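A short worksheet on the structure shown next.
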Amino acid sequence: MAHETTLILCKPDAVSRGLVGEIVGRFERRGYAIVAMHMMQLDGERARSHYGEHKGKPFFADLVGFITSGPLVALAVEGESAIEGCRQIIGATDPMRAVPGSLRADFAQTIGRNLVHGSDSTESAKRELAIFFKDADFTRGRELERWISG
Ligand code: IDP
Ligand code: MG
């Protein structure tokens, strides 16, 4: 077990379908802490950087086109084994292969519109979190500490 922080994206289909609350609630109910969160629209450069590992694949242009097509909600989610735990909540990449009860099985139909992104390793999480957040965005820990200690 390791205390981890992972990047979660509610992709543009999640925002346009009004599923952000449903998605964020799943991570909260599992007990993970949301330590940073914001809505934004990605430009092509940041999208290509985020999905860099898929450069050259046949679906890369569609993927970048889709992720930049509208606002998304980015979250930094923290907890024990949060990287694998969040991927479990999200479900398999292809919704048809995702286990019922997972977000992609319950709310998505196709691999190209599968609602949610979650980092897949500690290296990816570190790299991806840096694309979406700067240190000053992680206020929750400090705020909580101040609140608890008065
Ligand atoms: P993941 O999101 O489950 O980590 P990845 O393999 O990292 O899956 O792929 C990134 C995203 O690219 C997927 O979430 C999906 O939207 C899209 N994608 C992956 N494979 C395909 C494909 O074969 N066709 C179309 N889109 C794909
Ligand atoms: Mg991935």
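The values are calculated or read from the model by the stated rules, or taken from the named source; none is laboratory data. Keep in mind it's a predicted model, so treat the numbers as computed, not measured. Please note: Cβ atoms are built from the backbone with ideal geometry, for glycine as well, and neighbour counts cover all protein chains shown.
Only one residue in GLU84, GLU78 is under 13 Å from the mean Cα position of the chain (by Cα) and more than 15 Å from ligand 2 (Cβ to nearest atom). Which one?
From the options GLU84, GLU78, the qualifying one is GLU78.
Go through segment 88-124 and report how many residues are away from ligand 1 (no atom under 12 Å from the Cβ), closer than 22 Å to ASP137 by Cα and either in contact (Cβ under 8 Å) with a residue 12 or more places away in the chain or touching a Gly at 6+ places or on another chain (Cβ under 7 Å) (or both).
So the answer is 1.
Pairs please, first residue from segment 58-87 and on the phi > 0 side of the Ramachandran plot, second anywhere and part of a loop (DSSP other than H, G, I, E, B) and surrounded by 20 or more Cβ atoms within 10 Å (Cβ to Cβ), Cβ atoms under 6 Å, 6+ apart in sequence or on different chains.
As it stands, the answer is GLY79/TYR32, since those pairs meet every condition given.
Does at least one position in segment 8-15 carry a residue that is within 15 Å of ligand 1 (Cβ to nearest atom), crowded, with 19+ Cβ neighbours inside 10 Å, touching a residue at least 12 places away in the same chain (Cβ under 8 Å) and part of a loop (DSSP other than H, G, I, E, B)?
Yes: one or more hits.
Can you name the residue in segment 48-61 that is closer than 16 Å to LYS126 by Cα and part of a helix (DSSP H, G or I) and is also farthest from ligand 1 (Cβ to nearest atom) among such residues?
SER49
Could you please give the count of residues in segment 107-140 that are at pLDDT below 95, hydrophobic (A, V, I, L, M, F, W, C) and either within 15 Å of ligand 2 (Cβ to nearest atom) or surrounded by 13 or more Cβ atoms within 10 Å (Cβ to Cβ) (or both)?
Going through segment 107-140 one residue at a time, the tally reaches 1.
Name the residue that is farthest from ALA130 (Cα to Cα), counting only residues in segment 70-106 that are buried (at least 17 other Cβ atoms within 10 Å of the Cβ) and of a type in the set (Lys, Arg).
Within segment 70-106, the match that is farthest from ALA130 (Cα to Cα) is ARG104.
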